[in-house]
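Structure record follows, encoded as structure tokens.
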Amino acid sequence: MAKESTNNLFDAAYSLFKRIGTSDFEYVYRGYFNHNITKKILILADKNIARVTGETQATLQKRIYYIMVEGLQNITHHQDEIANDRNFDKYPGIFAIQKSGDRYYITTGNIVANDKVGDLKSRLEVINSLDKDELKKYHREILAYGSISDKGGAGLGLIEMSRKSGNKLVYRFEQLDDEFTYFYLQTMLPSDVADEGNAGVVHSHCSMEGVMSLHKQMNKENLQLLFNGFFNQENLLSLLAIIKSRSNMPLTTIKISNVMVEMLQNIIKHGAKGINASVGVPGVFFLGQTGNETILTSGNIIQDDAAEMITKRLEFVNGMAKDELSDYYDDILLDFDSADAKRTGLGFTDLRIKSDRPLKYEFQQLDGGFKFYLLQTAVKTTK
Amino acid sequence: MEKLILEETEDTPEIILDPEEGKFKISKISVPENALDFYRPVLDWIKQYAEEPNIQTVFDFDLEYVNTASSKQIIQIILLLQKVSEKGDVRVNWYYESIDEDMRALGARYKKLVTVPFDLVEIE
């Protein structure tokens, strides 16, 4: 049993880390979607899929990409249709891409007006009732005779998602209030993976229920970004681009980005690589909002014996006043001789200076001479 | 002296070191994994330039993101510019967006640590 943590996000990070396989990942974005963010999310997802699928699965990669585009367009489409910022602040959209074993799960969630639910539901029922050839025919009919209705453009997109995945669409409707219902849509690929045996158990966190429960947790902790996979420079840049695209808080964006770069580069440089060394350092990263603070939480594997050194360095920066930290920063900046390994580096010092409060950290024991190292920083949010 | 031009990448800055045009500029983003390797040719170039610099050198930093690994290389550039100032006029401009406190703070830190004329320039 893992030791009790006093930090909900540390607990969440650790259990997310434990639940996925060594070549799996899950990336979730929750918030307002604009064209720019959509583009950056696609880049992040596609690059990671490319890393793990290999050339023989180029078709699969393309299909996943296509479905992600349709899904993201669905979110922005519904978002624009309702066109009221307050609703999105209250009920932000969600996009999740998960890889579990040979399978990929793409889940989107967004609000729809209650009076649109019936129409949407019947459309989905029709699509799911058709086999491959019927779907093709149905698709052609709609192309020839125009949209089934003028109530929205989602018809063709849904058909195409179903066709490309080769599987039925999974969906749920959850009424939120008198006006809105939350609409979840999930696609799984590829269609030719055997469904027997323990598949249901292994992939349970990717099931619709699994994603919905993750979404509820993200709502509760007000998490905007959840990254459970591999840290490498490429992913760091993709995450940076996503954060930069959230244009509503420019000042905070800069601060968050600076802190995130230090946190993640520290992991990339010092984290234990594990089994899939070539793809990066396995780990978890959250971005969340609590009151007027943005909370950044990371978790990654380290060698058992690294914990002591990390603790010493974190305690060192946590124990200093801001002006002492600043002097210390100058000191290391000008120290070109001493071997980097001996002193607390600029990274931790910089994090402590930029973080709103002392750096929180925790270790969880793993098997095989490793620990899971959790770190949390907070950046004051200013509009 | 041969100019040194490096185009910006996703994680490294655009670098223009062109004595003939009198343009010296490091701009955009600097968050490479290995800042040491990236800045080595830049430091070497300035070291050589310090031997026989222009009468006047205006060096502009106009950066958007800087990781700590880069910040350690940038101080070395500025210290080399201090050396350049032994043989010619040197002026360093550190541009920062008005909302970017962190970038201003980093510039202020450098300014404090060096003796070469160093201006913090706010841009909208």
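Every number in this text was worked out from the coordinates using simple rules, so none of it is lab data. The structure presented is a predicted model; accordingly, all values stated were derived computationally and were not measured. Here the Cβ is made from the backbone with ideal geometry for all residues, glycine too, and neighbour counts use every protein chain on show.
A crude spin-label estimate for the pair A:Leu156 and A:Lys322, with each label 7 Å from Cα along the Cβ direction, gives 5.6 nm. Shielding by partners for peptide B:65-77, expressed as the average number of C-beta atoms from other protein chains within 10 Å of each residue's C-beta, is 5.
Taking Cα centre as origin and charging only the Cβ of basic (Lys, Arg, +1) and acidic (Asp, Glu, -1) residues, the dipole magnitude of the range B:1-109 rounds to 520 debye.
Per residue of the range A:38-44, what does 6.51 cos²θ - 1.76 cosθ + 1.60 with θ = phi - 60° give for ³J(HN,Hα)? Whole Hz please, x for Gly and Pro, Karplus curve as stated. Residue by residue, the range A:38-44 yields 3, 4, 5, 4, 4, 5, 4 Hz. Under the convention that each Lys and Arg Cβ holds +1 and each Asp and Glu Cβ holds -1, the size of the dipole of chain A around its Cα centre is about 480 debye.
Each part gets one Cα centre, and for the range A:1-77 versus the range B:13-51 those centres are 36 Å apart.
In the protein assembly as shown, the convex hull through the Cα atoms has an average projected area of 27.4 nm², a quarter of its surface area. From its DSSP helices (H runs of at least four residues, each -39,500 (n - 2.57)), the protein assembly as shown gives a residue-normalised ellipticity at 222 nm of -14500 deg cm²/dmol. Computing FRET efficiency as 1/(1 + (r/R0)^6) for A:Thr6 and A:Gln57, where r is the C-beta to C-beta distance and R0 is 41 Å, gives about 0.40.
In plain terms, the residue of B:Val66, A:Val69 with the fewest other Cβ atoms within 10 Å comes first and the most crowded comes last, giving A:Val69, B:Val66. Label-to-label distance, B:Ile5 versus A:Glu141, with points set 7 angstrom from Cα along the beta-carbon direction: 6.1 nm. Compared with the dominant Cα axis of chain A, that is its longest principal axis, helix A:58-82 is turned about 80°. Summarising the label geometry, the points placed 7 Å from Cα in the beta-carbon direction at B:Ile99 and B:Asp44 lie 4.0 nm from one another.
So between A:Asn114 and A:Asp133, what do we pick up on full extension, going 0.36 nm a residue minus the alpha carbon distance? Show your work: numbers first, answer last.
Values: separation 19, 0.36 × 19 = 6.84 nm, distance 3.23 nm.
Additional length available on full extension: 3.6 nm.
When DSSP beta bridges are restricted to pairs lying wholly in the protein assembly as shown, around 80% turn out antiparallel.
The alpha-carbon of A:Lys132 sits under 23 angstrom from the alpha-carbons of these lysines, leaving out residues fewer than 8 places away in its chain: A:Lys62, A:Lys121, A:Lys164, A:Lys168. Taken residue by residue and averaged, Cβ atoms of other chains lying within 10 Å of the Cβ of A:326-332 number 2. Between 0 and 90 degrees, rounded to the nearest ten: what's the tilt of helix A:117-129 against the longest Cα principal axis of chain A? Taking the Cα atoms of chain A, the angle to A:117-129 is about 80 degrees. Set Lys and Arg Cβ to +1 and Asp and Glu Cβ to -1, take the dipole of the protein assembly as shown about its Cα centre, and tell me which of A:Ser191, A:Phe285, A:Phe25 lies farthest positive. About the Cα centre, the residue reaching furthest to the positive side is A:Ser191.
Between the helical axis of A:250-270 and the longest alpha-carbon principal axis of chain A there is an angle of about 70 degrees. Assuming charge only on the beta carbon of Lys and Arg (+1) and of Asp and Glu (-1), the dipole of the range A:1-127 about its Cα centre is about 300 debye to the nearest 20.
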